[in-house]
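Data block below; observations after.
The values are calculated or read from the model by the stated rules, or taken from the named source; none is laboratory data. Computed from a predicted structure; not experimentally measured. Cβ placement follows ideal geometry from the backbone for every residue including glycine, while neighbour counts extend to all protein chains displayed.
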């Protein structure tokens, strides 16, 4: 079964084609700068252990033009990987926010599309482009089953004590204001991988997804029971450009005393804060370079970033009433040796005992970086959200 996975953003389309059930990656790509001059497509083909890359620069005024161009690459006489669009049986769409209506993978119908429109206010930057991707894919891959996979769905198992806010009940009952959580597709994928690796489903896990966006999830027996992001993706950990948790009184002060309007506050906390606000860099690789050059702001940033993670580990260990393993994933979690070291330092009381030699090794795939005999496993697991979407689609429709 050929499953085509699409992640449609406001000006981009990420895509991957898998052959299932072997989970063979056939091709992948990224359409960028849609609607701007000099839009680009990076298209990759995988065959016999080799990767071929094709780069194109062209006019792509909208998502439909972009996906039609991708289809022409998929079916090209010389470099194509399928005969025609009918060879794609399923199109899996990553949708960021499912609200309370969508708690599982869902076949897209006209009724589902109407319900999806009701989620636009919950994720105005992400869900409308995702919906547009569905509409375009329905035209181009007319014979395929269209399926939605929601980033929030994994967190729908949280109990009310974890997802409710202590504000008047009407804000929840009438306006659905609650914790939803994000990065659910990633947290589910790596927790399933940990269960397979440790040969058990009866596990207490903490998944730590660190990228430009960062979140943590407490997972018990394969189910999310708490997560650090909330109603939106701003709360919790310090991130690339997002502040993470902040005293709401700061917002009142910005507005009432410093003259900010709410749009400026949103821009400040979402786009100008986090490690960017502290150092001027949003990429931890640049901050590491500054740290190695003796930059005190870089040192403080690393201390703050890892201290926040340590606090959540302590809180979630309490919520789980124990801990079997923590998981580092995401671009930063998988690759930043120093952050993993600082997070796990002085945590032996909770059973975390890192092996620095293992931590320093560059090894692909799942690996343990804890000391032999450590009570709690410290795992590095590369995430693969697109493969998780393909797996869920296949299990639904096989």
Can you tell which of 365, 330, 314 is at positive phi and without any contact (Cβ under 8 Å) to a residue 40 or more places away in the chain?
365
Selected residue (criterion: surrounded by the most Cβ atoms within 10 Å (Cβ to Cβ)) from residues of segment 142-194 that are more than 25 Å from the chain's Cα centre (by Cα) and touching a residue at least 24 places away in the same chain (Cβ under 8 Å):
144
For segment 156-171, name all the residues that are more than 25 Å from residue 188 (Cβ to Cβ) and part of a helix (DSSP H, G or I).
170, 171
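Taking helices (runs of 4 or more DSSP H) that do not extend beyond segment 199-302, which have at least 2 residues that are more than 26 Å from residue 165 (Cβ to Cβ) and without any contact (Cβ under 8 Å) to a residue 60 or more places away in the chain? So that I can check it myself, show each step before the final result.
Values: elements: 248-256, 262-271, 274-279, 284-292.
Qualifying helices (runs of 4 or more DSSP H): 274-279, 284-292.
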Can you go through 271, 311 and tell me which one is surrounded by fewer than 15 Cβ atoms within 10 Å (Cβ to Cβ) and over 30 Å from residue 376 (Cα atoms)?
271
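Specify the residue that is nearest to the chain's Cα centre (by Cα); the eligible residues are those in segment 87-110 that are exposed (fewer than 15 other Cβ atoms within 10 Å of the Cβ) and modelled with pLDDT of 95 or more. Spell out the reasoning first.
If we filter segment 87-110 for residues that are exposed (fewer than 15 other Cβ atoms within 10 Å of the Cβ), which is where we start, we get 100-101, 104, 107, 109-110.
Narrowing further to those that are modelled with pLDDT of 95 or more: 107, 109-110.
Details: 107: 21, 109: 25, 110: 27 Å.
Going through the qualifying residues, I end up with 107.
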Would you confirm whether any residue within segment 44-55 is touching a helix residue (DSSP H, G or I) at 6+ places or on another chain (Cβ under 9 Å), over 25 Å from residue 189 (Cα atoms) and part of a strand (DSSP E or B)?
yes
Every listed condition ((1) touching a helix residue (DSSP H, G or I) at 6+ places or on another chain (Cβ under 6 Å); (2) in a strand (DSSP E or B); (3) over 23 Å from residue 315 (Cα atoms)) holds for residue 120 save (2)
From the options 317, 364, 279, 288, residue that is crowded, with 16+ Cβ neighbours inside 10 Å and closer than 24 Å to residue 187 by Cβ
317
Within segment 125-141, can one find any residue that is within 18 Å of the chain's Cα centre (by Cα) and not in a helix (DSSP H, G or I)?
yes
If we keep just the residues of segment 263-299 that are touching a helix residue (DSSP H, G or I) at 6+ places or on another chain (Cβ under 7 Å) and farther than 17 Å from residue 341 by Cβ, which is modelled with the lowest pLDDT?
282
Count of segment 16-67 residues which are within 20 Å of residue 138 (Cβ to Cβ) and surrounded by fewer than 19 Cβ atoms within 10 Å (Cβ to Cβ):
4
Would you point out which residue out of 113, 78 is surrounded by fewer than 17 Cβ atoms within 10 Å (Cβ to Cβ), more than 28 Å from residue 45 (Cα to Cα) and either assigned by TED's automatic domain parsing to the domain that holds residue 28 or touching a helix residue (DSSP H, G or I) at 6+ places or on another chain (Cβ under 7 Å) (or both)?
113
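Can you tell me which residue in segment 333-355 is nearest to residue 187 (Cα to Cα), limited to those that are part of a helix (DSSP H, G or I) and without any contact (Cβ under 8 Å) to a residue 40 or more places away in the chain?
Our first condition is that a residue be part of a helix (DSSP H, G or I); within segment 333-355, this holds for 333-335, 337-344, 348-350.
From what's left, without any contact (Cβ under 8 Å) to a residue 40 or more places away in the chain: 335, 337, 341, 344, 348-350.
Numbers: 335: 17, 337: 20, 341: 21, 344: 20, 348: 24, 349: 25, 350: 22 Å.
So the residue we want is 335.
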